[in-house]
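Below: one structure, written as structure tokens.
The values are calculated or read from the model by the stated rules, or taken from the named source; none is laboratory data. Remember, it's a predicted structure, so these values are computed and weren't measured experimentally. Cβ sites come from the backbone with ideal geometry, for glycine too, and all protein chains shown count toward neighbours. Calculation scope for accessible area: heavy atoms of the full protein, side chains included, ligands and nucleic acids excluded. Shrake-Rupley method; radii C 1.70, N 1.55, O 1.52, S 1.80 Å.
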Amino acid sequence: MNCLTETYSAEGALFLAGLIDNELVCTGAITNEGNGECRLQRMSVKAVIRSIKWKLR
């Protein structure tokens, strides 16, 4: 996590952070693998959020 800018600054790369009520609850990165393919990596979700069972309405 110390080199986010350097690691995910390549063209087609994106680092994402998810917030709930201004609290960081998840992160992830998407990188361009070429040929129209991307890779989801470095995904992390706060433990308390992982344990919540979401209901679809």
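Worth pointing out:
- Contacts under 6 angstrom Cβ, first residue in the range 20-48 being touching a residue at least 12 places away in the same chain (Cβ under 8 Å), partner β-branched (Val, Ile, Thr) and part of a strand (DSSP E or B), 6 or more apart: 26/45; 38/30; 40/30; 44/27; 46/25
- Among the residues of the range 42-51, not a single one is open to solvent by less than 60 Å² (accessible area, probe 1.4 Å), assigned to a strand (DSSP E or B) and at pLDDT 90 or above.
- For residue 38, the requirement of being open to solvent by less than 80 Å² (accessible area, probe 1.4 Å) and in contact with a Ser or Thr (Cβ under 8 Å, 6 or more places away or on another chain) is not met.
- In the range 13-32, the residues that are within 8 Å of the chain's Cα centre (by Cα) and surrounded by 13 or more Cβ atoms within 10 Å (Cβ to Cβ): 15, 16, 18, 26, 27, 28, 29, 30
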